[in-house]
Amino acid sequence: MSSKSIVEECHTVKAFVSPEYIRSRFSKVMSDMYKDEVPLYGELLDLVHDINEKVLSNSNEIKEQLSRTGEVSRLNMERHGAIRLGKPEELFTMRRLFKVMGMYPVGYYDLATAGVPVHATAFRAIDNTALNQAPFRVFTSLLRLDLIDDDQLRSNVESILENRQIFTEKALKFIDKFEKEGGLTIEDTETFVREASETFRWHESATVDYNMYQTLLNQHRLIADVVAFKGPHINHLTPRTLDIDTVQASMEARNIPAKDTIEGPPARKCPILLRQTSFKALTEKVAFKNSTGNEEMGEHKARFGEIEQRGVALTQKGQDLYNELLSKTRRAIGGSPTAENSTEYNKLLKDNFKVFPDNYDELHSQELAYFHYFITEKANSLPKDKLYTKLDVNQLLEKGYLIIEPMVYEDFLPVSAAGIFASNLGTDDAKRKYEGTSNQSLFEKDLGEPVYRLMQWYEDMQEETIEKCLALINA
C-alpha cells in the first residue's frame, strides 16, 4: 500500500495515523538521507530495481507467487538497516522509538561466536499485512562491554558512553506522547520522523582523539565504530533483489566495488533463508580531537551498500540441516571464505548443499520450510456435509483444493552478518574467538521486554493461513 493510501485510510482531523504510515515515512526519509550521504547507494538501488523488473517480466511463476503472498507490491519499498548501540539505555529507548513505528524485537542473535562483540535483535512489524505495507527492518546490535579484555579500555569506553545522548529532545517528547496518548497525528509524525532520523545521521567529527580511536580500533573495528561517534549512524540500508547473482555480476559494470563472495546458501531454484552481498565499505574523512583543542584529520571505514535475496523460511529441522552443511563447508576451507578461496568455497558449498531438497513440494513434505496456504477454485466443489480440519490438510493439498507458496524469511543470519562485516572492512576481526557465552536474559533485561521467538513467529503465521483456508472451506 502506498504512503498516500495509508494516509487516506487512517487520517482524519485530530486522528492518529497508522504505525504503517509512520514506518513508511521513516523508511523513505532514511533512504533519501543515506542516498545523499552515500551516492553509490542510489546507483545500487537503480541496479536492483532494473534486475527485479527483468525477473518479473521473464518469470510469470515468480510474479504469481509474489502476487499471491502480497510481496510483489513491496519489492521497491523493501529495506533493512543496521545500527550498533553502545549502552543498555540506548537499546531500551530504541525499542520505545521503534514501537511508535509498529516495529517489535524479533529473535536474539549472538554474534560473539562469529568474532563480533555484540548481541542483537531485529526490529520489524509482526503482522503479515503490516510487513507487506511497510517492509522496513532494523538489525540492532548492542556492544558487549564484557567482551573487551582490557580492563582499562573497558573503563574508558564506559566513561565515553556514559554521557552520550543519541536521541534529540523532540524525538523523546514524541515517544512520550505516543505512549501516553496511544498514537501520533500526521503533523506529529512529520516532526517525529525528522527528529528520529537525526539519531541515524553520519557525523564527520569523532568524540575521541585519534590515539583513543586507534586503541579502540586495535581492540575491534566495530568497537571503534560504536564508541568514537556521537550516535549510531546507519551503516547500510539494504534493498531486496530477486536475483542476487546477476546483481553481483553487474556491479562492476556500474563501477560498484563488490565483495568477493555472496554470504549464505548457494544459488538454488527454490531460494532458502537469506543471501547477501555488498559494495565495499567507504573510506571516509573524520575529524578527531587533539590535546590542543584543534582537530586532526583521519579516516574511518564503516558504511557500505548491502543487497539481499530472501528465500523461504526454514523450520528448526531445516535450519539445523542448513547450519550443518554451512559448517561442513567452512571447516573444509579452514574458516570464513576469503578472496583467495572464494571459487573453491562456492563450488564446495554448492556440492554440499545437493542433499538439501530444491523443490517446494519436497521442502513441504519433509517439513523443512514454512508455507502460506491458499484455497483454489476447485475447493468450491467440495462436499458441504463434512467439517474439514487440520487432519485433512495434506489430502486437500494432494487433490488440488489447497496450494502452498513459500513463506519469505523476514529475519537475519548471524554468520552472514559477520561475513559481510569482515569482508567489507578487510580485517581479521571475524577470526577472533570470544570466550563469553550468549546472554539473552541480559539482552532482554537491557531491552526492557522479551524478544519474539523466531521459529514461533513462522509457526504462528503458517497456522494462521491454514485456519483461514479451513474457515473458507467450511463456510
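The values are calculated or read from the model by the stated rules, or taken from the named source; none is laboratory data. Note that the structure is a prediction, hence the values are computed from the model and not measured. With ideal geometry, Cβ positions are generated from the backbone for all residues, glycine too; neighbour counts draw on all protein chains shown. Surface accessibility is based on the protein's heavy atoms, side chains included, excluding ligands, DNA and RNA. Shrake-Rupley method; radii C 1.70, N 1.55, O 1.52, S 1.80 Å.
Structure notes:
- Of all residues in segment 315-371 being of a type in the set (S, T, Y) and open to solvent by 80 Å² or more (accessible area, probe 1.4 Å), the one that is nearest to E410 (Cα to Cα): S365
- Any hit, segment 377-386, residues being modelled with pLDDT of 90 or more and either outside any loop (DSSP other than H, G, I, E, B) or open to solvent by less than 20 Å² (accessible area, probe 1.4 Å) (or both): yes
- Odd one out for K269 among (1) out of contact with any Ser or Thr (no Cβ under 6 Å at 6 or more places or on another chain); (2) outside any loop (DSSP other than H, G, I, E, B); (3) open to solvent by 10 Å² or more (accessible area, probe 1.4 Å): (2)
- The single condition from (1) under 18 Å from Q133 (Cβ atoms); (2) surrounded by 15 or more Cβ atoms within 10 Å (Cβ to Cβ); (3) modelled with pLDDT of 90 or more that R74 fails is (3).
- If you check D260, D243, D225 for being out of contact with any helix residue (DSSP H, G or I) (no Cβ under 7 Å at 6 or more places or on another chain) and either open to solvent by less than 10 Å² (accessible area, probe 1.4 Å) or of a type in the set (D, E) (or both), only one passes: D225.
- Those residues of segment 114-144 which are small (G, A, S) and closer than 15 Å to L91 by Cα, in sequence order: A120, A122, S141
- Sole exception among (1) in a loop (DSSP other than H, G, I, E, B); (2) closer than 30 Å to E263 by Cα for A120, by number: (1)
- Count of residues meeting criterion [surrounded by 13 or more Cβ atoms within 10 Å (Cβ to Cβ), assigned to a loop (DSSP other than H, G, I, E, B) and at pLDDT below 95] in segment 427-458: 7
- Look at (1) touching a strand residue (DSSP E or B) at 6+ places or on another chain (Cβ under 9 Å); (2) in a helix (DSSP H, G or I) and you find that I83 fails only one, number (2).
- Subset of segment 112-129 [farther than 16 Å from Q462 by Cα and open to solvent by 10 Å² or more (accessible area, probe 1.4 Å)]: T113, A114
- For T207, the conditions (1) outside any strand (DSSP E or B); (2) touching a residue at least 12 places away in the same chain (Cβ under 8 Å) are fulfilled apart from (1).
- Residue list for segment 83-108, filter: more than 21 Å from G183 (Cα to Cα) and open to solvent by less than 10 Å² (accessible area, probe 1.4 Å): I83, L85, G86, E90, L91, V106, G107
- Boolean, Q214 is within 25 Å of D150 (Cβ to Cβ) and open to solvent by 50 Å² or more (accessible area, probe 1.4 Å): yes
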